[in-house]
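Undergrad: Sending over a structure as structure tokens; questions will come in a sec.
The values are calculated or read from the model by the stated rules, or taken from the named source; none is laboratory data. Just so it is clear, the model here is predicted, and its values are computed rather than measured. Note that each Cβ is placed from the backbone with ideal geometry, even for glycine, and that neighbours are counted across all protein chains shown. Areas reflect the complete protein model, heavy atoms only, side chains present, ligands, DNA and RNA absent. Shrake-Rupley method; radii C 1.70, N 1.55, O 1.52, S 1.80 Å.
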Amino acid sequence: MNQKQMNAAKSEMIGWLSHPAELGKAPSKIECAGEFDLYDMHYYIFKYKKGLLGKWLLGVAGGYEGEELDNCGHTFSEMKEYKEASAEKDAIQLVEYVRAFIMEQAKKSEERKKSPGTFVNFVLLKEAKWDKAEFIKLLQEDWGIVSENPEEESAEEGPDTYIFNYQGAMAAISLMPTPVPNGEAEYYAQNNYRWKDAVETTKKHTAQLMVSVLGQAVGAKNASELLVKMVATCCKQQGVLGIYANETVYQPEFYEACAAMMKDQLFPLMNLVWFSLYGGKNGGVSAYTCGMESLGYDEIEILDSKASMGEVVDLLLNICTYVVTENVILKDGETIGFTEDQKLPIRRSKGIAVDGESLKITY
């Protein structure tokens, strides 16, 4: 066993478990329980305990190429019981799940890069029903949005679908009488460190409203504002549990409050970009954005900062607000700062927590 690589994998596993959406702290016990190779990469099996008296749980970290100490990001645990007899088989299943998940997200990421201005959110519902007429009424009352071609709207679209054009963008809402497939919404609900009941609440959804805007012709910024107005209006429907977007699930009240900023002529960045946090390898705070690509910009990461979580999120929020509102393209090798003395280096490289490349801000 490569001891240095195993120690790196152990640190990676501890960092993953320490994420606020996972254990939120380091496990009380953790041991390497084996290793295996898969797809020409090396993986380490770990068993860990949440508390001193708890059961051993299974985790996996990898994959590593050769003697490298950095892995490709296949670190995961479903927090299920560790069983020695099937540990390797169970760990391989975890890796297969993560690989499939990452490949799907990479595909979505490429699609977003090709078409900034295309937005899709999912409003999670307790029951498969919504009041279309009420939605149309509130969309006009709250935001002054009225379809530009009501005479062309199909009389056959029915109560479950609403499609309209507005200022050059095409918008649509469709009721889907099924939950988000494969537990995807529940998985991403773990990312919402602002809402402790996010996962349990998300599990209760049985249907969804798919809200979409195709707005390449009007630009990503205008299209995104239309989407937020539509989703905020959906939040007033009965039985809304959450909004699945930007790799998290928003609490409806939070989403509405952030959307209301538009009434003061402010851009609703918090509705469109999520700032995820996790523990860095060296005990610092790491964070990344999810949503900047859809707006036509690079995702941004901060790695292993010694600043507090609040300070890291505030910095990301300030940077993203500056980029979007001023339409600034940050470049590799430049610096950024918000005080006379602050000069934070920017570098572009392969993403650590995001697909493709990202901008890394040293903080």
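Undergrad: Looking at region 302-326, which of its residues are exposed (fewer than 12 other Cβ atoms within 10 Å of the Cβ), in a helix (DSSP H, G or I) and of a type outside the set (Asp, Glu)? Step through it out loud before you land on a result.
TA: First, pick out the residues of region 302-326 that are exposed (fewer than 12 other Cβ atoms within 10 Å of the Cβ): 308, 310, 326.
When the remaining residues are screened for being in a helix (DSSP H, G or I), the result is 310, 326.
Correct list: 310 only.
For (1) within 17 Å of residue 90 (Cβ to Cβ); (2) loosely packed, with under 15 Cβ neighbours inside 10 Å; (3) of a type outside the set (Lys, Arg), each residue gets a yes or a no:
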{"site": "32", "(1), (2), (3)": "yes, no, yes"}
{"site": "37", "(1), (2), (3)": "yes, yes, yes"}
{"site": "40", "(1), (2), (3)": "no, yes, yes"}
{"site": "43", "(1), (2), (3)": "yes, no, yes"}
{"site": "51", "(1), (2), (3)": "no, yes, yes"}
{"site": "62", "(1), (2), (3)": "yes, no, yes"}
{"site": "66", "(1), (2), (3)": "no, yes, yes"}
{"site": "70", "(1), (2), (3)": "no, yes, yes"}
{"site": "76", "(1), (2), (3)": "yes, no, yes"}
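Undergrad: Residues that are more than 21 Å from residue 277 (Cα to Cα), surrounded by 15 or more Cβ atoms within 10 Å (Cβ to Cβ) and hydroxyl-bearing (Ser, Thr, Tyr): does region 8-16 have at least one?
TA: For region 8-16, residues more than 21 Å from residue 277 (Cα to Cα), surrounded by 15 or more Cβ atoms within 10 Å (Cβ to Cβ) and hydroxyl-bearing (Ser, Thr, Tyr): absent.
Undergrad: Turning to a different aspect of this structure: Assess whether residue 95 counts as being modelled with pLDDT of 90 or more and more than 18 Å from the chain's Cα centre (by Cα). If you could, list the steps in order and put the result at the bottom.
TA: Values: modelled with pLDDT of 90 or more: yes; more than 18 Å from the chain's Cα centre (by Cα): yes.
When the stated conditions are applied, residue 95 passes them.
Undergrad: Could you please let me know if residue 182 is more than 25 Å from residue 131 (Cα to Cα) and not charged (D, E, K, R)?
TA: On the way: more than 25 Å from residue 131 (Cα to Cα): yes; not charged (D, E, K, R): yes.
So residue 182 passes the test.
Undergrad: Could you name every one of the strands (runs of 3 or more DSSP E) located completely within region 1-113 that has at least 3 residues being closer than 30 Å to residue 290 by Cα? Quick ask: steps written out before the conclusion?
TA: Values: elements: 29-38, 41-49, 57-64.
It comes to 41-49, 57-64.
Undergrad: Hey, another quick one. Got a number for residues in region 133-152 being surrounded by 15 or more Cβ atoms within 10 Å (Cβ to Cβ), over 19 Å from residue 218 (Cβ atoms) and either hydrophobic (A, V, I, L, M, F, W, C) or modelled with pLDDT under 90 (or both)? Please lay out each step first, then the result.
TA: Taking region 133-152 as the starting set, the residues that turn out to be surrounded by 15 or more Cβ atoms within 10 Å (Cβ to Cβ) are 135-136, 138-139, 142-143, 145, 147.
Still in the running and over 19 Å from residue 218 (Cβ atoms): 135-136, 138, 142.
Now restrict to residues that are either hydrophobic (A, V, I, L, M, F, W, C) or modelled with pLDDT under 90 (or both): 135-136, 138.
Qualifying residue count for the region: 3.
Undergrad: Which condition from (1) open to solvent by 80 Å² or more (accessible area, probe 1.4 Å); (2) out of contact with any Asp or Glu (no Cβ under 9 Å at 6 or more places or on another chain) is the one that residue 83 breaks?
TA: All conditions are met except number (2).
Undergrad: Kindly establish whether residue 329 is in contact (Cβ under 8 Å) with a residue 24 or more places away in the chain and loosely packed, with under 14 Cβ neighbours inside 10 Å.
TA: Values: in contact (Cβ under 8 Å) with a residue 24 or more places away in the chain: yes; loosely packed, with under 14 Cβ neighbours inside 10 Å: yes.
The answer is yes for residue 329.
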